[in-house]
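Peer 1: The structure follows.
The values are calculated or read from the model by the stated rules, or taken from the named source; none is laboratory data. Since the structure is predicted, the reported quantities are computational estimates derived from the model, not experimental observations. Using ideal geometry, Cβ is built from the backbone for each residue, glycine included, and neighbour counts are taken over all protein chains shown. Just so you know, the surface numbers come from the protein's heavy atoms only, side chains and all, with ligands and any DNA or RNA stripped out. Shrake-Rupley method; radii C 1.70, N 1.55, O 1.52, S 1.80 Å.
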Amino acid sequence: MGKKSFAEVEKNLRERGFQVQCFETASEAAAYLDSQIDGQTVGFGGSVTLKQMGLYELLSRHNQVYWHLRVPEGEQKKARLLANGASVYLSSVNGLAETGEIINIDGTGNRVASVFYGHEKVYLIAGENKLEKDYDSALWRARNIASPLNAKRLGVNTPCAVKGDRCYDCKSPERICRGLAVLWDKPKGAEYEVILIHEELGY
């Protein structure tokens, strides 16, 4: 698959109020974020992308980083609350439309809540595999590609994890897709920066 152009989505994101930075590689994007975030409290959402970029290790050297995936068993709730109160928040996205809509699906709700409110600055990070042509396609991707892959990674017993092909809109008690967040425009009261990377990252 050839490299996707970010020109259209960058234009549309800027028109919706977002700052945008584009990078060829995840390592370049990580170095940029490491240079921009210093001496801050930083919250992370659950994200394979952030893990692949090594951002926890980089930012923890000179920031206080809260991530529920890096704490002992039983301390996840506290870590999520601290992350939600941090001055800076980082999250990947499940789907990004060229028209500018940003889509995330969540199970606990901490990530979608933080994407909307509570921080001085929010960084939203997307590899080119998250990019789709329009809102409907981006939503389909979030539900039928990202969610089944995440369910399989987490080892939950849901139809999408077992079959790995699509969303079944199941009623399983282990269902991980319980809330949907769509950013149509930059929310009020904070800075938002979208980081676009010409690599496949996360699900």
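Peer 1: Within region 105-116, identify whether any single residue is aliphatic (A, V, I, L, M), buried (at least 22 other Cβ atoms within 10 Å of the Cβ), within 13 Å of Ala190 (Cβ to Cβ) and touching a Ser or Thr at 6+ places or on another chain (Cβ under 9 Å), and answer yes or no.
Peer 2: For region 105-116, residues aliphatic (A, V, I, L, M), buried (at least 22 other Cβ atoms within 10 Å of the Cβ), within 13 Å of Ala190 (Cβ to Cβ) and touching a Ser or Thr at 6+ places or on another chain (Cβ under 9 Å): present.
Peer 1: Can you tell me which residue in region 83-104 is surrounded by the fewest Cβ atoms within 10 Å (Cβ to Cβ), limited to those that are closer than 20 Å to Gln52 by Cβ and free of Cβ contacts under 8 Å to residues at least 60 places away in the same chain?
Peer 2: Top of the filtered list is Val88.
Peer 1: Continuing with this model, one more query. What about Ser147, is it in contact with a strand residue (DSSP E or B) (Cβ under 8 Å, 6 or more places away or on another chain), more than 28 Å from Ile37 (Cα to Cα) and at pLDDT below 95? Steps first, answer last, please.
Peer 2: Details: in contact with a strand residue (DSSP E or B) (Cβ under 8 Å, 6 or more places away or on another chain): yes; more than 28 Å from Ile37 (Cα to Cα): yes; at pLDDT below 95: yes.
It is true that Ser147 is in contact with a strand residue (DSSP E or B) (Cβ under 8 Å, 6 or more places away or on another chain), more than 28 Å from Ile37 (Cα to Cα) and at pLDDT below 95.
Peer 1: Considering region 41-74 alone, what residues qualify as being open to solvent by less than 60 Å² (accessible area, probe 1.4 Å) and either without any contact (Cβ under 8 Å) to a residue 24 or more places away in the chain or assigned to a strand (DSSP E or B) (or both)?
Peer 2: Within region 41-74, Thr41, Val42, Gly43, Phe44, Tyr56, Ser60, Val65, Tyr66, Val71 meet the criteria.
Peer 1: Check off (1) modelled with pLDDT of 95 or more; (2) at positive phi for Glu8 and give me the number that stays unchecked.
Peer 2: (2)
Peer 1: Count, please, the residues in region 11-24 that happen to be touching a strand residue (DSSP E or B) at 6+ places or on another chain (Cβ under 7 Å) and either open to solvent by 50 Å² or more (accessible area, probe 1.4 Å) or hydroxyl-bearing (Ser, Thr, Tyr) (or both).
Peer 2: 4
Peer 1: Condition check: open to solvent by 30 Å² or more (accessible area, probe 1.4 Å), modelled with pLDDT of 95 or more, among the acidic types (Asp, Glu) and outside any loop (DSSP other than H, G, I, E, B). Does Asp136 satisfy that?
Peer 2: Criteria met by Asp136.
Peer 1: Sticking with this structure for a sec: Is it the case that some residue within region 116-130 is in contact with a helix residue (DSSP H, G or I) (Cβ under 6 Å, 6 or more places away or on another chain), under 23 Å from Tyr32 (Cβ atoms), outside any helix (DSSP H, G or I) and not aliphatic (A, V, I, L, M)?
Peer 2: Checking region 116-130: not a single residue is in contact with a helix residue (DSSP H, G or I) (Cβ under 6 Å, 6 or more places away or on another chain), under 23 Å from Tyr32 (Cβ atoms), outside any helix (DSSP H, G or I) and not aliphatic (A, V, I, L, M).
Peer 1: Do you know which residues across region 80-102 are of a type in the set (A, V, I, L, M), outside any loop (DSSP other than H, G, I, E, B) and within 17 Å of the chain's Cα centre (by Cα)?
Peer 2: Hits for region 80-102 are Ala83, Val88, Leu90, Leu96, Ala97, Ile102.
Peer 1: Is there a residue in region 177-192 that is open to solvent by less than 60 Å² (accessible area, probe 1.4 Å), under 15 Å from Val93 (Cα atoms) and either part of a loop (DSSP other than H, G, I, E, B) or touching a Pro at 6+ places or on another chain (Cβ under 6 Å) (or both)?
Peer 2: yes
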